[in-house]
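The values are calculated or read from the model by the stated rules, or taken from the named source; none is laboratory data. This one's a predicted model, so the numbers in the text were calculated from it and none came from an experiment. Using ideal geometry, Cβ is built from the backbone for each residue, glycine included, and neighbour counts are taken over all protein chains shown.
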Amino acid sequence: MIEQYEQFIVRKSQLTGGSGFEPLWMPDFLYDFQQSLTEWAIRQGRAAIFADCGLGKTPMQLVWAENVVKKTGGKVLIIAPLAVSHQTIREGKKFGIEVRRSDDGKAYNGITITNYERLHHFSHEDFAGTVCDESSAIKSFHGKHRELVTKFMRKQQYRLLCTATAAPNDYIELGTSSEALGELDRTDMMSRFFKNDERSTVYAHAKWIGQNGGKQVGWRLKGHAQEPFWRWVSSWARALRKPSDLGFCDDEFKLPPISENSHIIDPTTIQTGKLFDMPAVGLREEREEARRTIQERCDKVASLINDTGQPAIVWCHLNAEGDLLEKLIPDAIQVAGKNTDREKEDRLWAFASGKERVLVTKPKIGAYGLNLQHCAHMTFFPSHSYEEYYQGVRRCWRFGQKRPVVVDVVSTPGGERVMENLARKAKQADEMFTMLVRYMNDAASLSRKSYYTKEEVMPAWL
């Protein structure tokens, strides 16, 4: 029993001591705000950068990784979503940084990149540092897979997480990032800043995790803990939606217009036991509504996409939706769960490179990491996941997009509650980023003052 406990402690323990170092190489191709973030992450050693889509997370993580290589003489592994590795390798060539792809666990000198799905082939002992690209995707994995990522990084001196959406409406999931960086694990974070509670409705700062006697059981941020919580997050993370969030100029980073159009389709059949359609209540009714209206919704999407001659992304959630849409849109290519990882990568890359006009896929497969700004039109069947919607839209509506973007959301009268929930989560996401940016600017100011004056600086909030 004692031996088992000791093994448990070793398995859960994090590498401690030491943090980062002074940057050894800072190229001039980085914008001023990118340079500031990268320098901070290198000095931090273990850090998270929550930067919106198109703000240059790839060059920042490449420069961070190259500095770790130069400092340690070791190797760095970048873990990325499917098909993103090709994109990163291409970006590396553009900036003069060599990145090599590995699928079988081979660690190349310098920087190696692989997909999350192939991480089990690699050994953490081969690398001095690890970068998790689109790290918010970690929480979408099954618990076993998420534990693999955390375990892989646990013993490494240098770690970097990069994502556009740091749990935009689910603050507790910030614990996933914290644990991967060697800060508080999710359980400790929840006990320190959150309170177990029972409520009949969901409200801001809550995560509902189960059922107990008919009531939802969840965690809410303690009233007095809000400021300490954000101060703590600010100690290991930086966030921005645009350069001016960190005090820099937005001139070259302005988003084009976006049109979000709602299409409510009248079903040809009525809900069982009802005289007319009513908003679906609960996940069971919502699933029934989605399956009952597949034909009508897919017909509408096809009418919006066919004959335009322009690239388009069609986001769906059910296998039956994807299969039908592939038939209704003759020049569409579908990326589905039934495809092998290699087939998924090849098809996603075929669309990203312009070889295929229309992509049909689920957000959980293709909504993370890819730069698809050659496309300016997409359709959505809404779900309760704001992050999937946000990430899907941002594949196209990102800094660097030159055309106005059109998002067509196709729903039914029964999907009214889903749309309301998405709107609520969008508001929460904006509130979270506002809080994060506010406290991080304070933390960045204190860090700069302490660094340049070499003096101890006591935060005003203490």
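Read through the list (1) surrounded by 14 or more Cβ atoms within 10 Å (Cβ to Cβ); (2) modelled with pLDDT of 85 or more; (3) part of a loop (DSSP other than H, G, I, E, B), then give the number of the only condition that residue 302 fails.
(3)
Has the stretch 80-100 got any residue that is at pLDDT 95 or above and polar (S, T, N, Q)?
Checked against the condition, which is being at pLDDT 95 or above and polar (S, T, N, Q), the stretch 80-100 yields no hits at all.
Keeping to the stretch 397-408, report how many residues are surrounded by 21 or more Cβ atoms within 10 Å (Cβ to Cβ) and either more than 18 Å from residue 258 (Cα to Cα) or among the aliphatic types (A, V, I, L, M) (or both).
2
Just to be sure, is residue 279 over 22 Å from the mean Cα position of the chain (by Cα), modelled with pLDDT of 75 or more and surrounded by fewer than 18 Cβ atoms within 10 Å (Cβ to Cβ)?
no
If I go through the stretch 231-250 residue by residue, how many of them are part of a helix (DSSP H, G or I), within 19 Å of the chain's Cα centre (by Cα) and hydrophobic (A, V, I, L, M, F, W, C)?
1
Quick grid of which residues meet (1) touching a helix residue (DSSP H, G or I) at 6+ places or on another chain (Cβ under 9 Å); (2) closer than 18 Å to residue 238 by Cβ; (3) modelled with pLDDT of 85 or more:
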residue: 124; (1), (2), (3): yes, no, yes
residue: 132; (1), (2), (3): yes, yes, yes
residue: 137; (1), (2), (3): yes, no, no
residue: 144; (1), (2), (3): no, no, no
residue: 156; (1), (2), (3): yes, no, yes
residue: 166; (1), (2), (3): yes, yes, no
residue: 176; (1), (2), (3): yes, yes, no
residue: 181; (1), (2), (3): yes, yes, yes
residue: 185; (1), (2), (3): yes, no, no
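Of everything in the stretch 103-116 that's under 13 Å from residue 369 (Cβ atoms) and at pLDDT below 95, which residue is surrounded by the fewest Cβ atoms within 10 Å (Cβ to Cβ)?
115
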